[in-house]
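Comments concern the structure below.
The values are calculated or read from the model by the stated rules, or taken from the named source; none is laboratory data. Keep in mind that this is a model prediction, so the values were computed, not measured. Virtual Cβ from ideal backbone geometry, glycine too; neighbours counted across all protein chains shown. SASA here: full protein model, heavy atoms, side chains in, ligands and nucleic acids out. Shrake-Rupley method; radii C 1.70, N 1.55, O 1.52, S 1.80 Å.
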Amino acid sequence: MTATESPPPPPPPPPGGAPAPASPLLLWLLVAGAVGGAAAGAIGGKPAAETLGWMGDLFLDALRMVVVPLVMASLVCGVSAIGDVRGLGRAGLVAVLYFLGTMLLAVVLGLLLVTLLRPGEGAGPGVLTAAESARFSAKADVGLPDLARSFVHPSLLDAMARSLVLPCIVFSLAFGAALTTLGEKGRPVLAVVDGVNEALLRVVHWLLWLAPLGVLGLVAGRIGATGGGGAAMEEFRRIGAYMLVVILGLALHGLLVLPLLLRFLGGRNPLTYARGMLPALVTAFSTASSSATLPVTIECISDNNGVSRKAAGFLAPLGATLNMNGTALYEAVAAVFIAQAYGIELGVGALAVVALTAVLAAVGAAGIPEAGLVTMVLVLQAVGLPLEGMGLLLAVDWFLDRCRTMVNVWDDGVGAAVLERLAFRPGMGPAAGTPLP
Ligand code: ASP
């Protein structure tokens, strides 16, 4: 599939013999895996979850195995493409401003919907068990210094072993930037890292053929664990109005706002681009983790959609960690929903505080399942809403998490195309696959 519109140029030559775009067969198998998994979990309940769940865990572990080395190698290559430290600063700044801007758009959309549709009225107060209460209160004690400290880690190897992506990103950015200042001495190292990066992407390409079974296992496992389709529907019915508002917001943002940005800022055909992103979107839905999906995201952005390897390698890891439009929208809707359920009227000032803290809480959320639920404590605290209100959201969060993770991964894909155009101008460094001098 091509990345641009008519007349379609031939796809860029595969870098270093890199893999071809995902085949239509794989796309169909992925969709079949998701639908089959949902049916198996809905009908088979817990026994189906036990029988099929291991395939999902296997796929998830395989993805996690490549995330850290791939993030590090692709960031070093991406930074080297920018060329020098000042260029890096500029590209990084444009990327961060773009990420914050799109998150704010998502939050404003969510706030408009939740204040117009008022899903929380009559929902009543929430209840938390002692364990849940302790989990959320622990987050309430996290201050700015803790947030700052999460960017570094005393041991790089320990951070890698525990898949702490943020310190690995910070290290790789600094290491890549340092390499670009070394001239001749840095080149052999860059050439090795470039080769490592290509090899890891090849592994991811192979892994994708496991994805249909992995997706089937993950989806069946999750729906089955709730007790099957009937039990899941029962959970959904209780706070259906809230779920509908979150899903409507995510759909409008993902199907309208982001495609418009992709069309007008990125110059891409949104339908073609979305088709190329499909493996990553299905993986995001089934894993509920943008970090675990990252290898597939990079593969889809570069191989299927023709964004240069270097731009994708630089922008996708940053996006997966910082840019969470779906999470930001969800946090804002959920906070106002809780206020409505408790009969607390939030004025314009309080809504502005909700908007800003929702963006910050989304930036602070790791790309792992239900991270957004936990960082929402920050939003509730900022406007003095009761933590117990979160009890209203817990039963359905597993499902909404999957929906917002899809949007989080989609906005990383859109962001890579837009930012490649805005911040990664030709001439900033070698193009994808260009052999290092
Ligand atoms: N699960 C989401 C992600 O990985 C984060 C969240 O909980 O909102 O993108």
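If the condition is being under 18 Å from Leu394 (Cα atoms) and of a type in the set (A, V, I, L, M, F, W, C), then region 208-233 contributes Ile223, Ala225, Ala231, Ala232, Met233. Residues in region 343-354 that are touching a residue at least 12 places away in the same chain (Cβ under 8 Å) and closer than 22 Å to Phe99 by Cβ were compared, and the one that is surrounded by the fewest Cβ atoms within 10 Å (Cβ to Cβ) is Val353. Of the residues making up region 330-357, those that are in a helix (DSSP H, G or I) and either within 11 Å of the ligand (Cβ to nearest atom) or of a type in the set (Ser, Thr, Tyr) (or both) are Tyr330, Glu331, Ala334, Thr357.
One residue is enough: does region 260-278 have a residue meeting the conditions within 14 Å of the ligand (Cβ to nearest atom) and either polar (S, T, N, Q) or under 17 Å from the mean Cα position of the chain (by Cα) (or both)? Among the residues of region 260-278, not one is within 14 Å of the ligand (Cβ to nearest atom) and either polar (S, T, N, Q) or under 17 Å from the mean Cα position of the chain (by Cα) (or both), which makes the answer no.
How about region 362-376: which of its residues are assigned to a helix (DSSP H, G or I), surrounded by 22 or more Cβ atoms within 10 Å (Cβ to Cβ) and either of a type in the set (A, V, I, L, M, F, W, C) or more than 13 Å from the ligand (Cβ to nearest atom) (or both)? Once the filter is applied, which keeps residues that are assigned to a helix (DSSP H, G or I), surrounded by 22 or more Cβ atoms within 10 Å (Cβ to Cβ) and either of a type in the set (A, V, I, L, M, F, W, C) or more than 13 Å from the ligand (Cβ to nearest atom) (or both), region 362-376 yields Ala362, Ala371, Leu373, Met376. Considering only residues of region 315-329 that are more than 14 Å from Ala423 (Cβ to Cβ) and touching a Ser or Thr at 6+ places or on another chain (Cβ under 6 Å), which is farthest from the ligand (Cβ to nearest atom)? Step by step, filter region 315-329, then rank; the result is Asn325.
For region 295-303, does any single residue satisfy the condition of being in contact with a Cys (Cβ under 6 Å, 6 or more places away or on another chain), assigned to a helix (DSSP H, G or I) and within 16 Å of the ligand (Cβ to nearest atom)? The answer is no, given that none of the residues of region 295-303 is in contact with a Cys (Cβ under 6 Å, 6 or more places away or on another chain), assigned to a helix (DSSP H, G or I) and within 16 Å of the ligand (Cβ to nearest atom).
Annotation: Ser291 fulfils all but one of (1) open to solvent by 10 Å² or more (accessible area, probe 1.4 Å); (2) in a loop (DSSP other than H, G, I, E, B); the unmet one is (2). The number of residues in region 377-401 being within 16 Å of the ligand (Cβ to nearest atom), within 15 Å of Arg135 (Cα to Cα) and of a type outside the set (Val, Ile, Thr) comes to 5.
May I ask you to list the residues in region 407-437 that are modelled with pLDDT of 85 or more, farther than 19 Å from Asp303 by Cα and aliphatic (A, V, I, L, M)? Answer for region 407-437, where residues must be modelled with pLDDT of 85 or more, farther than 19 Å from Asp303 by Cα and aliphatic (A, V, I, L, M): Val407, Leu422. Taking each residue of region 355-375 that is in contact (Cβ under 8 Å) with a residue 40 or more places away in the chain and looking for partners that are hydroxyl-bearing (Ser, Thr, Tyr) and within 6 Å of the ligand (Cβ to nearest atom) with beta-carbon atoms closer than 7 Å, six or more apart or interchain, yields Ala362/Thr327; Ala365/Thr327; Gly367/Ser289; Gly367/Ser290; Ile368/Ser289; Pro369/Ser289; Gly372/Thr327. Of all the listed residues (Ala311, Ala328, Ala334), the sole one being within 19 Å of Val76 (Cα to Cα) and open to solvent by less than 10 Å² (accessible area, probe 1.4 Å) is Ala311. Going by the structure shown, is Pro125 in a loop (DSSP other than H, G, I, E, B), modelled with pLDDT of 85 or more and of a type outside the set (Val, Ile, Thr)? Spelling it out, it is not the case that Pro125 is in a loop (DSSP other than H, G, I, E, B), modelled with pLDDT of 85 or more and of a type outside the set (Val, Ile, Thr).
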